[in-house]
Ligand SMILES: [Zn+2]
C-alpha cells in the first residue's frame with residue numbers, strides 16, 4: 001500500500017475586515033475577508049496530518065481572491 005504525501009495550504013475563517021481596503025492586484029476597494037491559514041502535510045492530498053507552519057493571518061480580496069499576508 002502506498003501513502004501519497006503532499007502539502008496543502010488550508011485556510012479558514014471569513015470575517016470581514018472592519019475597514020475598506022484597496023486591493024493592489026485589481027484595484028477594488030472593499031471589505032476583505034480575514035482568513036487564517038496553515039500549511040499541512042497531507043495524506044492522499046486531502047487529509048491534513050502535520051502542521052508545517054505556524055498560523056498565518058491573511059486577508060483576501062473579494063473580487064480577485066488575491067491574498068495578502070497581514071503580519
Ligand atoms: Zn483584488
Segment 45-71, residues that are farther than 18 Å from residue 13 by Cβ, in contact (Cβ under 8 Å) with a residue 40 or more places away in the chain and more than 15 Å from the ligand (Cβ to nearest atom): 45, 52
Matching residues in segment 14-44 - criterion: being more than 13 Å from residue 65 (Cβ to Cβ) and within 12 Å of the ligand (Cβ to nearest atom): 21, 22, 24, 27, 29
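No value in this document is a laboratory result; all are computed from the given coordinates. Remember, it's a predicted structure, so these values are computed and weren't measured experimentally. As a convention, Cβ positions derive from the backbone with ideal geometry for all residues, glycine included, and neighbour counts pool all protein chains shown.
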